[in-house]
Amino acid sequence: MSITPPVSAVILTWNEEVNLPQCLESLSGLHCDLFIVDSGSTDRTLEIARASGASIVEHPFENYAAQRNWAQQSLAFRTGWILHLDADERLTPALVSEINRKMKEPDIEVNGFLLRKRTIFMGRWIRHGGHYPSYHLRLFRKDKGACEDRLYDQHFVVDGPVATLTGDYLDVVASNINSWTLRHARWARLEAREMMAPSIAVHRVKSDPLGNPIERKRWLREGVYARAPLFVRPFLYWLYRYVLRLGFLDGKEGLIFHFLQGCWYRFLIDCEILEQRRRQTSN
């Protein structure tokens, strides 16, 4: 008779034959049930998933929030805790050990855990520019959490107290610059729509300067950055990251990352906002 593990890991995929093997390998020491939620892969993703013994479910992709919440509500979980990952993310051995240890006897007063993210860009760990440590709520009791209804940069929201784990997980954000820029061009349109007409859904991260790291970051975005002038704020933010927060110490990879992610991408969002405003006034 098999023993039910304490946690279920859910991985979203779409044509992830390059990333998925390392993600699965990083989970090999975790005591968990494994679920792959695929949105129509045409490469070897499903073949790799089957070889791992994962339970595979296919579901059309609408957006990340909808896909994560569909998985949360529809999969046949045996466990009380859920861990959400993307295929380009990996757990470090230290984090695997920490989760196994915490799940043996979970604190009854804790409903979720913040995980510390380590961004890997062009093979380099981005340590500076305010980018590390960065925290994301990915592990929580299955009946206490949901993904916020946001078009881009969604976070999970948990009802009740959360704690912070000390181990890192890796987010490999760029296998090549072309795919990275194409994705961010698409996300810029979504972020512009979100900034112009934010959702009023129930599941939303609070904007709180005194809250947890995610809530403080949301306050900086909505309470400070969003109020700065269009086309000026991307350059100010890049200077803040690259100079004041020592992003230049991340080398040439850091120069590329902090400029593209901290300035170019946000400049593109402002272009989308201006274009959307003009369309609205012309209608």
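Between Ala197 and Thr42, the contour length at 0.36 nm per residue exceeds the Cα-Cα span by 52.3 nm. Assuming charge only on the beta carbon of Lys and Arg (+1) and of Asp and Glu (-1), the dipole of the stretch 78-172 about its Cα centre is about 320 debye to the nearest 20. Across the stretch 152-234, the relative contact order, built from alpha-carbon pairs under 8 Å that are at least six residues apart, equals 23 percent.
Placing pseudo-labels 7 Å out from each Cα toward the beta carbon at Thr4 and Leu255 gives an inter-label distance of 5.6 nm.
Ile56: net charge of surrounding residues, Cβ under 10 Å, Lys/Arg +1, Asp/Glu -1, itself excluded? Value of the local net charge: -1.
So for the chain, averaging the separation of alpha carbon pairs under 8 Å that are six or more residues apart and normalising by length, what relative contact order in percent results? If you can, show how the numbers build up before the last one.
Numbers: 489 pairs, mean separation 47.7, N = 283.
Reported as a whole number, the value is 17 percent.
Given +1 at the Cβ of Lys and Arg, -1 at the Cβ of Asp and Glu and no other charges, the dipole of the chain around its Cα centre is 900 debye to the nearest 20.
Neighbours of Asp107 by Cβ distance under 14 Å: Lys/Arg scored +1, Asp/Glu scored -1, total +2. Each helix, a run of at least 4 DSSP H residues, gives -39500 (n - 2.57); summed and divided by the residues of the chain, these come to -10500 deg cm²/dmol at 222 nm.
Phi-derived couplings, Karplus 6.51 cos²θ - 1.76 cosθ + 1.60 at θ = phi - 60°, listed residue by residue for the stretch 167-173: x, 9, 10, 9, 10, 8, 8 Hz, with x used for Gly and Pro.
Projecting the Cα atoms of Ala163, Gly123, Leu268 onto the charge dipole of the chain, computed from C-beta unit charges around the Cα centre, puts Leu268 farthest toward the positive end.
Taking a probe of 1.4 Å, how large is the accessible area per residue of the chain, in Å²?
Values: 14460 Å² over 283 residues.
On a per-residue basis, the chain sits at 51 Å².
When a 1.4 Å probe is rolled over the protein heavy atoms, the share of accessible surface on the chain that falls to carbon and sulfur comes to 55 percent.
Charges at C-beta only: +1 for Lys and Arg, -1 for Asp and Glu. How large is the resulting dipole of the stretch 159-259 about its Cα centre, in Debye rounded to 20?
Values: 15 positive and 10 negative charges, 78 e Å.
Here the stretch 159-259 has a charge dipole of around 380 debye.
Summarising the strand pairing of the chain, around 40 percent of its internal DSSP beta bridges are antiparallel. How charged is the neighbourhood of Gly254? Take every other residue with its Cβ under 13 Å from the Cβ of Gly254, and add Lys/Arg as +1 and Asp/Glu as -1. So the surrounding residues net to +3. Along the axis of the charge dipole computed for the stretch 60-134 (Cβ charges of +1 for Lys and Arg, -1 for Asp and Glu, origin at the Cα centre), the listed residues His84, Gln72, Val96 are led at the positive end by Val96. Beyond 19 Å in Cα-Cα separation lie the following of the pairs Lys104/Lys142; Lys144/Lys206; Lys144/Lys217; Lys102/Lys217: Lys144/Lys217; Lys102/Lys217.
Hey, if we sort Arg193, Arg278, Arg241 by accessible area with the 1.4 Å probe, largest down, what's the order?
On the way: Arg193 120, Arg278 155, Arg241 5 Å².
Result, largest first: Arg278, Arg193, Arg241.
Against the empirical 2.2 N^0.38 Å scaling, what ratio does the C-alpha Rg of the stretch 91-143 come to? Don't skip to the end; give the middle numbers.
Working: Rg = 13.5 Å, N = 53, 2.2 N^0.38 = 9.9 Å.
Taking N as the residue count of the stretch 91-143, the ratio is 1.36.
Beta bridges assigned by DSSP with both partners in the stretch 1-124 are antiparallel in approximately 5 percent of cases.
Tell me which DSSP H helices of the chain clear both cut-offs, 20 Å or more of axial length from alpha-carbon atoms and a mean Kyte-Doolittle hydropathy of at least -1.0.
Details: long enough: 177-196 (28 Å, -0.68); 265-282 (26 Å, -0.91).
Qualifying helices: 177-196, 265-282.
Each residue, Ala185 and Arg221, gets one label point 7 Å from its Cα in the Cβ direction; the gap between the two is 2.3 nm. Label zone of Asn15 (point 7 Å out along Cα→Cβ, amide N under 14 Å): in the stretch 37-54 this covers 39-46. If the segment from Asp208 to Val232 were pulled out straight at 0.36 nm per residue, it would be longer than the present Cα-Cα gap by 6.2 nm. In the stretch 234-275, Cα pairs under 8 Å separated by at least six residues give a relative contact order of 45 percent.
The values are calculated or read from the model by the stated rules, or taken from the named source; none is laboratory data. Just so you know, these numbers come straight off a predicted model, no measurement behind them. Please note: Cβ atoms are built from the backbone with ideal geometry, for glycine as well, and neighbour counts cover all protein chains shown. Protein only, heavy atoms only, side chains kept; ligands, DNA and RNA dropped before computing areas. Shrake-Rupley method; radii C 1.70, N 1.55, O 1.52, S 1.80 Å.
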